[in-house]
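The structure appears below as structure tokens.
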Amino acid sequence: MLTENKNSKYLVNRELSWLKFNDRVLAQANDQRHPLLERARFLSITQKNLDEWFMVRLASIHQMVQLRLKSKDPTGLSPTEELDVISLAAGAQLKKQHSLYARSLVPMLAKKHINILGIDELEESQYDWLEKYFQQEILPILTPMADDGTRPFPFLSNDSLNLGIRIVANPTKKKKSKTENYAFIQVPKNLQRVIKLPIGVGQTYVLIEDVIREYINLLFQGYKIQEVTAFHLLRDMELSIAEEDSPNLLKEVQTQLKKRERGQVIRLVAEKKMSKKLEKHLQKALPLNKRRIYRVSGPVDLAFLDTLIKQVQIPELIYQPFQPRTELSLMGKGIFKTIADHDVLLQHPYDDYGPVVNLINQAADDDQTMAIKMTLYRVSDHSPIVAALGRAAEAGKQVTTLVEVKARFDEENNVHWAEELEKQGVHVIYGLPNLKVHAKMTLIIRKESSGIKRYMHVGTGNYNEVTARLYTDISLFTSNDLLADDLAQVFNYLTGYFAPKNLKIAHISPNGIADHLEKLIDAESEAELKGQISGIWIKANSLNDTNIIEHLIYASQTGVPIHLLIRGIETLKPEIKSVTNKIKVHSIVGRFLEHSRIYRFANNGNPLTYISSADLMPRNLYRRVELLVPIVDPKCESELAEIFETMWADTVNMWKMKSDGSYARHSKRRRRVDSQALFMEQEFVADRFAEKFVGDEYVRLKVGEFMTKFAIIDLGSNSIRMTISQYRKNGEYEVLGRFQEMVRLSAGMGRKRVLQSDAIDRTIQAVKEFKKEIAKYDQINVRAVATAAVRQASNQEEFLERFQSALDQPLEVISGIQEAHYDYMGIIETLPIDNALILDTGGASLEMVMVRDRKEIHAISLPVGAVNISETYLEKDKISAVSFFKSSTALQRLFRDVSWLLEVRNFPIVAIGGSNRTLAKISRRQREVVGLPIHGYHLPSDEANHIFEQVLGSNLKERGDLPGLAKNRADIIVGGMLPIIKLFQYIDSDQVIFSQSGLREGILFEEIQKVTGHEVLDPRVDESVDTESDET
């Protein structure tokens, strides 16, 4: 064992390590690469994670303090010291959660017209509706509970939302009341916490505690309300089961579940405004130590965000569904033939979970199946696997199932399923005394023509088809006879009086897995000392077992390269000189919860690879029944190695642990590798990158001919934008990033057409920021183009030199006709139009393209745009009739000079450019359209004219406050909208179709066709970008 004085040097406290993991999950809620509602979901997850940690982990340490235990943790902290440290850290995390909610999430949701409002923010009509809703739906269910001499303090259940109320009796003419009383209302859990109002713009929600607070007087008539404060309460939820003294484990668990609901209060989160009086009253009544009370600004329990997400239902604000790969050979009746022929390895959720369910279904309905033996730890509420087991038993098959009724927070569900299975004739084991059975294994015995044949499934995850879509896990299907002999012994151990000895290839806990892993680690140390090939690769959820850590440290000191992918708790500090310098630790946190366990050892060039249900924690290794099985099929072993290598190469979801125990996002490699995205595309990193092994690091070199990266910079008169994309040889492409800065390059150019120094400086600064983004990618092609402002500038040459110096790339000044052509290319590939007039209104130019039968017939560029129309003709504030007339007349003269415009009469207009798209944004807000993208949005010309009249009749401030209109466009929006309004009249067009695809997409599509020789495959517009943002 490690000595105590060494621990503090290179170990992290277990609970602090877990809180750091939850911090990494919390960081996802602030990561803009995730869709907005998924960010809200991550925040909700961190809240639920933290709640469970308080109910179990902090509660356990609190019990140790109450028992006055003096034992110290591996870092040398006593229970009292540990409780102080982790309580402070947990409080800081709570504050961070609520700060992110209030400062980031709520405003971002509001931008998408998803408003979480206080009662005082409601409109009169909304308030009237809410009052009726309260009286009809909420008030009848509420129970105010007094707390006085005759009515004792009420019981407040675990995980409950409550309102604490201070009241005094209303004074009369004869007597003034001074006595304060307390009352409590527990918000019923069968009421919806989040209430959606059917009235108003967008989607408006209020929280039930705010509603009850608003109408609280209806519950306390005759009393004056002094205070109403919401608080959330958690209790100690650890089960205390005397297993050795209990003759019936099932009944003991059921009894303890009832007792657990009345466990000691372990945490209370209250609104910041809670008075000292109410706080002291709660401390005494519960009872509760003051340091167990946390105050927050905002809602006291953020888990309500889960409910909000379900109500919002805007598809583009959540992850797009992906289709997992289905191993067809494992579907249907042929599954036994496939498994008999060869082992099959699946990685969920990227591989569909259907084959696992199909295996049990086929065994249940198969006449040749004699017996099914299975362990169940956590199953879904409507488990098809449980149903199949019951069906098999009713069909006369021998079905034996161990249902672990002590699986934390799944106890009630498992007790229910255990009883149901027993009713159907399944032989159910409820677990083992003093041990949890966490192994995931199935053994099916069939009588075939050649004799008895055994089929197995072993996994790293639960038999739960719901969580299999959210967690990453490994499934192994096999008929290996040696493993079948081992599993037969393990099941005999679980069901009877049998001590498994001399297992042939598998290993089980308690103790057996730890012993074997320690031997494997030590063997790598010996190999390194002999000059042989050595290496250790471990992926697990947690690592804090000091015995395993001791062996890993020794291996590092001998020079064995050790790669640890540990998602959560990791108490060993890596890369400490002379101690852990050969150990590198990564943690992957992304869309899916990493849950698979992989153990791989170099073995002098003949790798030994295992999967397991066990993490490297004392509870898994010494207090549970776990299973570790080898991957003996070469193809499966190779697949598992590639899975690990792909995850190790991740630079998007990966966090690197530093030698002080802190974590940082990986930033050394510029290339973006998203392992989860690769797996969704059914690729390994080696499919995209050539690899070679250098020392103890994997280095992968870009395979250039497979994917080309291309950055396009478009410098307009009003803004500068960049799109970074990548495309394949077959013409397929994807957008990696979009960037935009409003620089107003053409502002103040005047008649001499001189770019002003402040505008140039703004532009160059934006270029430097773009350069940083480009630098994140290796071997990237860059094309920068400029349009009207630079095209017209008299100091063009000077500006081009500064631009090239800032970007290390030349700026290409394209003609107006080229610009119009690229607009056409971007639109024709992404919108189903046959005949149309394309209109691109920029800051200093206006491009038009006539499209007939999808072909580009005519194109022209006119030297007018939003900025120069505004500067030449219009006032910044209120637009006068005279200036409006002059600007309209000037545009009409320009249109008359374009003879072919007569050919597009009655054609729809396809509009691009920020000023034009503002019409769509205002329309969507006025129509209360949610979730419909701007690309392809249709607007009748009469509605467009109505919006323009609103804009024209407003002053500058009123325009800036108009929903859908960006404030930084308010001074030029009249000049920007004027061309399309006049074109409606000139060509007698009755509708406009808006496009988010234009010049940059046109350049990209032309590049793809030129380089690959293929048409663009599946051209599309990236609707994940903020379609409400101001795009020019």
- Which pairs, out of Lys95/Lys310; Lys70/Lys436; Lys709/Lys771, put more than 18 Å between their alpha-carbon atoms? Lys95/Lys310; Lys70/Lys436
- Two decimals is fine: what is log10 I(q)/I(0) at q = 0.10, 0.13, 0.18, 0.22 Å⁻¹ for the range 388-517, from a Debye sum with one equal scatterer on every Cα and no solvent? -0.36, -0.62, -1.25, -1.67
- Compute the longest continuous run of the chain that contains no exposed GluC sites (Glu not before Pro); treat a site as exposed when its DSSP state is not H, G, I, E or B and it has at most 10 other Cβ atoms within 10 Å. 245-704
- Task: Please work out whether the range 910-987 counts as rounded, prolate or oblate from its C-alpha gyration tensor, where a ≥ b ≥ c are the square roots of the eigenvalues and a/c under 1.5 means rounded, while otherwise a/b larger than b/c means prolate and anything else oblate?
- Result: oblate
- Relative to the Cα centre, what is the charge dipole magnitude of the chain, using +1 at the beta carbon of each Lys and Arg, -1 at the beta carbon of each Asp and Glu, and rounding to the nearest 20 debye? 3440
- Based on a Kirkwood Rh over C-alpha pairs, give the Stokes-Einstein translational diffusion coefficient of the chain at 20 °C and viscosity 1.002 mPa s in µm²/s. 65
- Query: In whole angstrom, and with the biggest value first, how far do the Cα coordinates of the range 827-1012 range along each principal axis?
  - Reply: 51, 41, 29
- Message: Given Cβ point charges of +1 (Lys, Arg) and -1 (Asp, Glu) and nothing else, what value in debye, to the nearest 20, does the dipole of the range 1-320 about its Cα centre take?
- Response: 1060
- Query: To the nearest 20 debye, what is the magnitude of the charge dipole of the range 827-1012 about its Cα centre, counting +1 on the Cβ of each Lys and Arg and -1 on the Cβ of each Asp and Glu?
  - Reply: 360
- Message: If you take every DSSP beta bridge fully contained in the chain, what fraction is antiparallel? Give it as a percent rounded to 5.
- Response: 70
- Write down the percent of antiparallel bridges among all DSSP beta bridges whose residues are both part of the range 328-495, to the nearest 5. 70
- Taking the dipole of the chain about the Cα centre (Lys, Arg +1; Asp, Glu -1; charges at Cβ), the one of Gln93, Leu197, His427 that reaches farthest to the positive side is Gln93
- Global geometry of the range 507-664, whether rounded, prolate or oblate, following the gyration tensor of its Cα atoms and the 1.5 cut on a/c: rounded
- Task: Hand me the trypsin sites (Lys or Arg not before Pro) from the range 63-114 located in a DSSP loop with no more than 10 other Cβ atoms within 10 Å, in residue order please.
- Result: Arg68, Lys70
- Which Cα, out of Val813, Phe895, Ile583, lies furthest along the positive dipole direction of the chain (beta carbon charges, K/R +1, D/E -1)? Ile583
- Message: Output wanted: per-residue J couplings in Hz (rounded whole) for the range 536-548, from phi through Karplus 6.51 cos²θ - 1.76 cosθ + 1.60, θ = phi - 60°, x for Gly and Pro.
- Response: 10, 10, 10, 10, 8, 7, 8, 9, 8, 6, 5, 5, 4
- Dipole-positive endmost among Val867, Ser534, Ile452 within the chain (Cβ charges, Cα centre): Val867
- Task: Would you count, across the range 827-1012, every pair of lysines whose alpha carbons are under 17 angstrom apart, provided the pair is eight or more residues apart or spans two chains?
- Result: 9
- Note on the structure: Checked against a 20 Å limit on the C-alpha separation, the offending pairs among Lys584/Lys656; Lys530/Lys577; Lys373/Lys539; Lys577/Lys658; Lys397/Lys504; Lys20/Lys276 are Lys530/Lys577; Lys373/Lys539; Lys397/Lys504; Lys20/Lys276
- Starting from the Cα of Glu52, step 7 Å along the direction of its Cβ; do the same at Leu328; then give the gap between the two resulting points in nm. 3.8
- For the range 825-893, treating each Cα as an identical point scatterer without solvent, what Debye log10 I(q)/I(0) comes out at q = 0.14, 0.25, 0.26 1/Å? -0.55, -1.03, -1.08
- Message: Taking the Cα centroid of the range 551-580 and of the range 488-512, what is the distance between the two, rounded to the nearest whole Å?
- Response: 31
- Query: How do Thr229, Thr1012, Thr841, Thr763 rank when sorted from fewest to most other Cβ atoms within 10 Å of their own Cβ?
  - Reply: Thr1012, Thr229, Thr763, Thr841
- Message: Taking a cut-off of 27 Å, what percent of all Cα-Cα pairs in the range 1-320 are separated by more than that?
- Response: 53
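Every number in this text was worked out from the coordinates using simple rules, so none of it is lab data. Bear in mind that the values here come from a model prediction, so they are computed numbers and not experimental data. Don't worry about glycine lacking a Cβ; one is built from the backbone with ideal geometry, like all the others, and counts go over all protein chains shown.
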